[in-house]
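Encoded as structure tokens, the structure appears first; notes follow it.
Read-outs throughout are calculated quantities, based only on the coordinates presented, and are distinct from any laboratory measurement. The structure presented is a predicted model; accordingly, all values stated were derived computationally and were not measured. Glycine gets a Cβ as well: all are built from the backbone with ideal geometry, and neighbour counts include every protein chain shown.
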Amino acid sequence: MTYLLKRLIIAAVTLVLASMVVFAVMEILPGDPARLMLGFNASTDQVELLRNQMGLNAPLVLRYLHWAGGLLSLDFGRSYTYSVPVIDLVRERVVVSLPLALIALALSTAIAIPVGLFSASRQGRAGDTLAMGAAQLGVAVPNFWFALMLIYLFAVWLRLVPAGGFPGWSAGIWPAVKSLLLPAVALALPQAAILARVARSALIEVLNEDYIRTARAKGLPYRAVLWRHALRNAMIPVLTILGLQFAFLLAGTIIIENVFYLPGLGRLVFQAITQRDLIVVESVVMLLVAAVIAVNLLVDFSYAVVDPRLRGRQ
Amino acid sequence: MSLLEIENLSLSIGDTHILKEIELAIAPGEVVGLVGESGSGKSMTALTVMRLLPHLARASGRITFDGIDILGATEDQMCTLRGDDIGMVFQEPMTALNPVKTIGEQVAEGIRWHTKAGRAEAEDRARKILDRVGLPEAKFPLSRYPHELSGGQRQRVVIAIACALKPKLLIADEPTTALDVVLQAQILDLLRDLVSEVRMGLLLISHDLAVVTEMADRLTILRRGEVTEAGDTARTLSEQLHSYTRELALASMHVPARPKTHLAGSAKPLLEVEGVSRDYPGRRRSLFRPAEPIRAVDDVSLTVEPAQSVALVGRSGCGKSTLARMILALDKPTAGAIRFRGETITGKAEPELKPARRDMQVVFQDPYGSFDPRQKVEKLVAEPLHLLEQRPARAERRDMVAHALDEVGLGPRDMDKYPHEFSGGQRQRLSIARAIITRPKLVVADEPVSALDVSIRAQILDLFAELNQKLGIAYLFITHDLTVARAMSDEVLVMHEGRIVERGRTADVLDNPRSEAARALVAAAPDLRRAIARRMQEQG
């Protein structure tokens, strides 16, 4: 229990610290939002008026508290360029990005674990060498290039899926998922390659443990030992990497969403940066930070599920 | 008729020959001891019978178990034999259980696999066998995880797994080597009872001649992958026809010559420990109450005089090593004071400790773990020289290292080798050379010979004795092995649950233990001479 409580507190503290850093960075960045909204022809008085309206002249700490308090009640402020509440923009986009990231995460796990098991149980033999060679390639190839190849193969040539764009969930679940499939694969493959290598080495280490021999001496066939005893023990490093990868996945969506013309958070933040719509950038970055922290908290919790030693005495 | 018959078994891994023409037979209800030093092929023989060898191993010859040709059997056939008709217990109980599964799951797993029993039925049987091995459900429910059990308890779980389906043959590979003597005696009793209960054959593998003699009807002695002698235990050990058997027996009973014994009270103490305690933070049970500390060492006082050899004996977890760490100023006492040559060392800063560190060195148990594998012997042995007031020049340093190596029986040419080029015994010599290079007054030795084979152990004990006689080094020997204490010490201190419960001259305490803890240690300690005498009576 104390373990979980400790993790929860650490996650909360991390979130607060991250919000301070994000806020501070945005403060340092050049560019006056009020000036930006009014255009360069506006008079200084007009700008000053708007600054006061927007609360930009208040002391730093107050502004931070106001902003952070807004975040807690999901009030992210108004976008400078679109003049709509940021939360509305985010709400529209998150239904694209979140499923995309989750599908990619699921895909990468679904590919990596079996490949890792396959390689570890054939350590040093042809199958292992081949699988790890492929993984090496997967690590080396950048995902946007991969995305282009996928578009060419499945969208242009085979015409199985759309080459880009998103019909919206109102068009039905299947068409929506179908348009997310290629970007998810492009995101997932490099991650899967890394994860497979981690899974393989974790499994190989576990397979040399004494308790594996105990399990075999019980009469369990090799395959059963692999699934029942080795896999769960090898999960800790795999989960760690999985948690770290989620952050990279989110970063990857920014590129991939641009390649596939997906109206997701990644594209939103990309556009917001070019337009100096700092409040949108700030909000989306905080949202991504929160997502990464949440996923890592989830990883910490799943450690405790996997390993009873972390649970502490009941 | 034999239950297990090994005929003409040879084994090689790659180009290395591991076993050569092994012959061995076990009848139902019989205990056969397989004795040998490390690397003699004991474990490989066992793993060949289980067919759990590494990939590249090639075996030839014949192994028949209950009419089945083991070497010719398919993997499926082996899976039905393993855990059902043949059970195996391994050496290291701390790592032999899967840390993420409950003991109930692990015991029931084999039962379910072999009998196709349902979960409830398998758990019921698991409960019964765990109760049989001394882990009753009231205290050890099936939902316990391995990390919640001690080493001895874990070994009971491993035995429960191996014996759950009443195998015809049990192979126990050094089942008690990692345990202290009291636990060892309990586990051996348990194995003996299980054998007589179901007329199981037992192949007991051990490097400890005394343990095997107490247990086995017959024994087979292995050396470098070959059987050197085999036969009834009593006859083999009393007649000792083969010279190697004699060597082994002598080495296990070896007492190094120490003409000068040192009696307490004849000099000013070198080391004084006064009322030392050490608390560790306990586990927090509630968020609002502070955790109750665990007292590892409780109000311990002792003295060691110059040139005196003192043994600190006790069961594992009694606080011996914690005490040693505090004496070496590697850990701070919660209360009490430690004085070395009259000067208090507790609470001193590192630079002030330099003179004390120079005169007080340490030898650890594991000669493999205590050296950096990437450094040459010269550098490793010279490590403590930075404690000298004046750092010796390179040539001088080489001289000192050469001298220290010479004192422990190694040559100056060994200086430019790496640790992996040495055997276990030689590595322990290296750590002794490292300990004596600064000419210390006191060496703290934490189980310095328990990882070594008997013949090597005898040599290392001789070396310790010689250095004590020649250089007048005082020892604090920390051990659970009474044979070592008897062979090496003038005085013995018995530690139990953090306290020193008995002290006195070694022979007095060990021949006539008064405290319960000391009596338990003495009663449980295997003794070759006693064991042979008992065997002689039984076997005529």
message = What's the ranking of B:445-454, B:177-186 by average number of surrounding C-beta atoms within 10 Å, highest first?
response = B:445-454, B:177-186
ask   = Which one of B:SER206, B:LEU222, B:LEU149 is farthest out on the positive end of the charge dipole of segment B:125-227, using unit charges on Cβ (Lys, Arg +1; Asp, Glu -1) and the Cα centre as origin?
value = B:LEU149
key: Descending Cα extents along the principal axes, segment A:126-181, whole Å   = 47, 19, 19
task = Mind putting a number on the dipole of chain B about its Cα centre? Charges go on the C-beta only, +1 for Lys and Arg and -1 for Asp and Glu, and I need it in Debye to the nearest 20.
result = 1340 debye
request  = Can you run the Rg to Rh ratio on segment A:200-314? Use alpha carbon positions and the Kirkwood inverse-distance Rh.
outcome  = 1.20
Equivalent ellipsoid semi-axes - Cα gyration tensor, chain A, angstrom = 44, 26, 15
Shielding score for A:207-213, defined as the mean number of other chain Cβ atoms within 10 Å = 5
ask   = Taking K and R as +1 and D and E as -1, what net charge do the other residues with C-beta under 9 Å from the C-beta of B:LEU219 add up to?
value = -2
ask   = What average number of partner chain Cβ atoms lie no more than 10 Å from the Cβ of the residues making up A:223-233?
value = 2
Segment B:385-531 - Rg and Dmax from Cα coordinates, angstrom = 17.8, 55
task = Would you be so kind as to identify which of B:LEU194, A:LEU89, A:PRO221 lies farthest towards the positive end of the dipole of the protein assembly as shown, taking Lys and Arg as +1 and Asp and Glu as -1 on Cβ and the Cα centre as origin?
result = A:LEU89
ask   = Any number yet on Rg/Rh for segment A:70-209, C-alpha, Kirkwood?
value = 1.12
task = Could you please report the charge total around B:ARG486, scoring K, R as +1 and D, E as -1 over all other residues with beta-carbon less than 14 angstrom from its beta-carbon?
result = -1
ask   = P(r) of segment B:124-191 in 10 Å steps, Cα pairs, percent per bin?
value = 20, 55, 24, 0
ask   = Counting DSSP beta bridges with both partners in chain B, what percentage is antiparallel, nearest 5?
value = 55 percent
ask   = What share of Cα pairs, in percent, lie more than 13 angstrom apart in segment B:362-417?
value = 63 percent
ask   = Which value in nm describes the separation of the simple spin-label points at B:ARG534 and B:GLU343, placed 7 Å from the Cα toward the beta carbon?
value = 5.1 nm
note = If each part is reduced to its alpha-carbon centroid, segment B:164-183 and segment B:303-339 end up apart, in Å, by 32 Å
ask   = In what order do A:LEU160, B:LEU467, A:LEU98 fall by count of nearby beta-carbon atoms within 10 Å, going from fewest to most?
value = A:LEU160, A:LEU98, B:LEU467
key: Calculated over the protein assembly as shown: convex hull of Cα atoms, volume per residue (Å³)   = 242 Å³
key: Mean separation of Cα contacts under 8 Å (6+ apart) over length of segment B:93-167, as relative contact order %   = 46 percent
message = Suppose every Lys and Arg Cβ carries +1 and every Asp and Glu Cβ carries -1, with no other charges. What dipole size does segment A:93-310 come out with about its Cα centre, to the nearest 20 debye?
response = 660 debye
task = Evaluate 2.2 N^0.38 Å with N set to the residue count of segment B:24-91, then give the Cα radius of gyration divided by it.
result = 1.13
query = In what sequence do B:VAL304, A:VAL84, B:VAL522 fall when counting other Cβ within 10 Å, fewest first?
reply = A:VAL84, B:VAL522, B:VAL304
key: Gyration tensor over alpha-carbon atoms, segment B:93-167, equivalent ellipsoid semi-axes in Å   = 18, 12, 12
Student exercise, the protein assembly as shown dipole from Lys, Arg, Asp, Glu Cβ charges, in Debye to nearest 20 = 1240 debye
message = Viscosity 0.890 mPa s, temperature 25 °C: give me the Stokes-Einstein translational D for segment B:240-359 in µm²/s, with Rh taken as the Kirkwood radius over C-alpha pairs.
response = 140 µm²/s
query = Amide H neighbours of A:GLY77 under 5 Å, counting only residues 5+ apart in sequence or on other chains, H built in-plane at 1.01 Å?
reply = A:VAL86, A:ILE87
Cα lying deepest toward the dipole's positive end in the protein assembly as shown, options A:ILE111, B:THR344, B:PRO167, charges on Cβ = A:ILE111
inquiry  = Please compare each pair in B:LYS268/B:LYS348; B:LYS320/B:LYS441; B:LYS20/B:LYS376; A:LYS6/B:LYS354; B:LYS168/B:LYS320 to a cut-off of 31 Å on the Cα-Cα distance and tell me which ones are over it.
reply    = B:LYS20/B:LYS376; A:LYS6/B:LYS354; B:LYS168/B:LYS320
ask   = Taking only C-alpha pairs under 8 Å that are 6+ residues apart, what is the relative contact order of chain B in percent?
value = 16 percent
Proximal charge balance of B:ARG339 [Cβ under 12 Å; K/R count +1, D/E count -1] = 0
Förster radius 41 Å - calculated FRET efficiency between B:LYS354 and B:SER38 (Cβ-Cβ, nearest 0.05) = 0.60
ask   = Quick one: B:SER252, A:SER121, fewest Cβ neighbours within 10 Å first, how do they rank?
value = A:SER121, B:SER252
task = Averaging sequence separations of C-alpha pairs under 8 Å and six or more residues apart, then dividing by the length of chain A, give the relative contact order as a whole percent.
result = 27 percent
remark   = With bins of 10 Å, the percent of all Cα-Cα pairs of chain B per bin from 0 is 4, 16, 25, 25, 19, 10, 2, 0
query = Tell me, Kirkwood radius of segment B:42-200 from alpha-carbon pair distances, in Å?
reply = 16.3 Å
